[in-house]
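Worksheet: one structure, shown below.
The values are calculated or read from the model by the stated rules, or taken from the named source; none is laboratory data. Nothing here was measured: the structure is a model prediction, and the numbers come from that model. With ideal geometry, Cβ positions are generated from the backbone for all residues, glycine too; neighbour counts draw on all protein chains shown. The protein model used for the area step is the full one, side chains on, heavy atoms only, and it has no ligands, DNA or RNA in it. Shrake-Rupley method; radii C 1.70, N 1.55, O 1.52, S 1.80 Å.
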Amino acid sequence: MNLKETLAQDLKTAMKDKDAVRKNTVQCVRAAILQVEKDQKLVLDDDGVIDVIAKELKKRRDVLPDYEKSGREELIAELKQEINVLMGYLPSQLTHEELDKIVKERIVALGVTSIKEMGKVMADVLPRVKGRADGKAVNEVARGYLN
């Protein structure tokens with residue numbers, strides 16, 4: 001079963017279980033997938049679906065600090081549940097140590113020595129960790145080595 005079928009099945013299950021957060025999150029992801037497919041006039045495979053899920057996850061992680069500043073505990077709790085739902089569809093995430101090792105290997109292999117060549121590192125590492133690490137985390141690790 002591919003990822004789109006899994007999402008459809010999980011939506012049905014969430015509706016039967018009356019799990020509003022899971023249902024709304026899965027519906028949002030399915031809508032985003034459909035939007036990308038219509039805009040680009042293609043059918044997404046599992047890698048494309050993972051990209052969409054990762055973008056949805058990033059959106060939620062980016063607004064979490066704003067919610068925390070506002071002090072709306074019920075919204076914070078719901079947003080954290082949505083993040084957990086989305087994490088369930090992504091491949092297992094790399095630990096900081098694993099990401100550190102990959103970035104260090106690629107910096108050495110590319111022969112990059114300055115922060116000015118950060119683009120080369122990012123272009124090489126991001127496809128290798130697709131769906132398993134956030135671009136922001138890769139950037140932070142790479143900056144640590146290049147500074």
Assess whether GLY71 counts as being open to solvent by less than 50 Å² (accessible area, probe 1.4 Å) and on the phi > 0 side of the Ramachandran plot.
-> yes
Limited to region 37-50, what total is found for residues that are surrounded by fewer than 16 Cβ atoms within 10 Å (Cβ to Cβ) and touching a residue at least 12 places away in the same chain (Cβ under 8 Å)?
-> 3
Quickly run through region 91-107 and pick out the residues that are open to solvent by less than 90 Å² (accessible area, probe 1.4 Å) and part of a helix (DSSP H, G or I).
-> GLU98, LEU99, ASP100, ILE102, VAL103, ARG106, ILE107
Output the number of the condition that GLY88 fails; it satisfies all remaining conditions of (1) in contact (Cβ under 8 Å) with a residue 60 or more places away in the chain; (2) open to solvent by less than 90 Å² (accessible area, probe 1.4 Å).
-> (1)
Taking region 74-85 only, how many residues are without any contact (Cβ under 8 Å) to a residue 24 or more places away in the chain and open to solvent by 70 Å² or more (accessible area, probe 1.4 Å)?
-> 3
Could you run through region 118-143 and say how many residues are in a helix (DSSP H, G or I), open to solvent by 50 Å² or more (accessible area, probe 1.4 Å) and in contact (Cβ under 8 Å) with a residue 24 or more places away in the chain?
-> 2
Could you grab the pairs with beta carbons closer than 8 Å, sequence gap of 6+ or different chains, first residue in region 7-28 and crowded, with 16+ Cβ neighbours inside 10 Å, second one aromatic (Phe, Trp, Tyr)?
-> LEU7/TYR89
Among the residues of region 54-86, count how many are touching a helix residue (DSSP H, G or I) at 6+ places or on another chain (Cβ under 6 Å), aliphatic (A, V, I, L, M) and closer than 20 Å to LEU3 by Cβ.
-> 4
Checking LYS55 against (1) modelled with pLDDT of 90 or more; (2) more than 17 Å from the chain's Cα centre (by Cα); (3) more than 22 Å from ALA20 (Cβ to Cβ), which test does it fail?
-> (2)
Being farther than 18 Å from LYS130 by Cβ, part of a helix (DSSP H, G or I) and open to solvent by 60 Å² or more (accessible area, probe 1.4 Å), is that true of even one residue in region 56-63?
-> yes
